[in-house]
Amino acid sequence: MKLLAERRRHPMALVVLLLVGLLMTGGAYAMFTSNSTANAEEYTAADVEEGEKLFVTNCATCHGMNAEGTENGPGLIGVGAAAVDFQVGTGRMPLQMSGPQAPVKTPQFSEEQISQMAAYVASLGPGPAVPEDEYLDTAQGDAAAGGGLFRTNCAMCHNVVGSGGALTRGKYAPNLSEVSEKHLYEAMQTGPQNMPIFNDANLTPEQKRDVITYVREVSEQPSPGGAKLGSLGPVAEGLFIWFFGLAAVIGITVWLSARSK
């Protein structure tokens, strides 16, 4: 301690303290986010090898031969298996054409091939992993808690019941009613396109499961009042009545007037 006290005014003392602080911060971050990452050890070497072949054949044109990225596409080192599983599993990738947003379409690869490509990308650097089944089981989720989280974090784009909505410059928040539990989780974990990232420090895996439970529950609710009109709320319903209801009243009035003559 005496030696340290004597050296506290050394010119390099501040540098040493900064390095120690950075190491401690990095270690703490890695510890708290380790459950969000995956590495190639979760996959076999054969999966990684086959995934690399698929990647080079189908993805390297835009993302680079080593996934380092090009002017046509971002780098994929560190995006994790979850990003690949979401983008390729929903058919968004490979991209069909340039535009404001990649649309959902029929996947071009089998589940096995998607898993192999995810294995290859995961081998390039740690990133979000494909979620475990326990976090996709809505029977264990809390729809009420998930509803609160959804309204706070998601409703401004996706609508309070996940029906989606328009954004700026041709972009849009998709309807969530037919999105699988796995892809809902991965979207929160990876933040595709315009969506922010909700890692485990923002929303725990259990909270993500609650959000998925809420989305699934409101998507499956019956509509005793009739057509949902997209569940877009009273504005859409009012416009529907104003245009179609008023047109019907005018039409009936004209028809009755014509018959009276």
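Data table
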item: Solvent-accessible area per residue for the stretch 58-100 (1.4 angstrom probe, square angstrom); result: 50
item: Pair Trp255, Asp137: separation of 7 Å Cα→Cβ label points (nm); result: 5.6
item: Length released on extending from Glu178 to Asn202, taking residue separation times 0.36 nm less the Cα-Cα span; result: 6.2 nm
item: Inter-label distance for Phe244 and Thr57, nm, one decimal - labels placed 7 Å from Cα along Cα-to-Cβ; result: 4.8
item: Carbon plus sulfur fraction of accessible area for the stretch 90-146, probe 1.4 Å, in percent; result: 51
item: Protection proxy ranking, peptides 142-155, 241-254, average beta carbon neighbours within 10 Å, highest first; result: 142-155, 241-254
item: The stretch 48-97 - Rg (one decimal) and Dmax (whole number), Cα, Å; result: 10.2, 28
item: Calculated FRET value between Val160 and Lys105, using beta carbons and R₀ = 22 Å, to 0.05; result: 0.20
item: Cβ crowding within 10 Å averaged over residues, with 177-188, 156-167, 120-131 ranked highest first; result: 120-131, 177-188, 156-167
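The values are calculated or read from the model by the stated rules, or taken from the named source; none is laboratory data. Values in this document were obtained by computation on a predicted structure and should not be read as measured data. Here the Cβ is made from the backbone with ideal geometry for all residues, glycine too, and neighbour counts use every protein chain on show. Heads up: the accessible areas ignore ligands, DNA and RNA and are worked out on the full protein's heavy atoms, side chains in. Shrake-Rupley method; radii C 1.70, N 1.55, O 1.52, S 1.80 Å.
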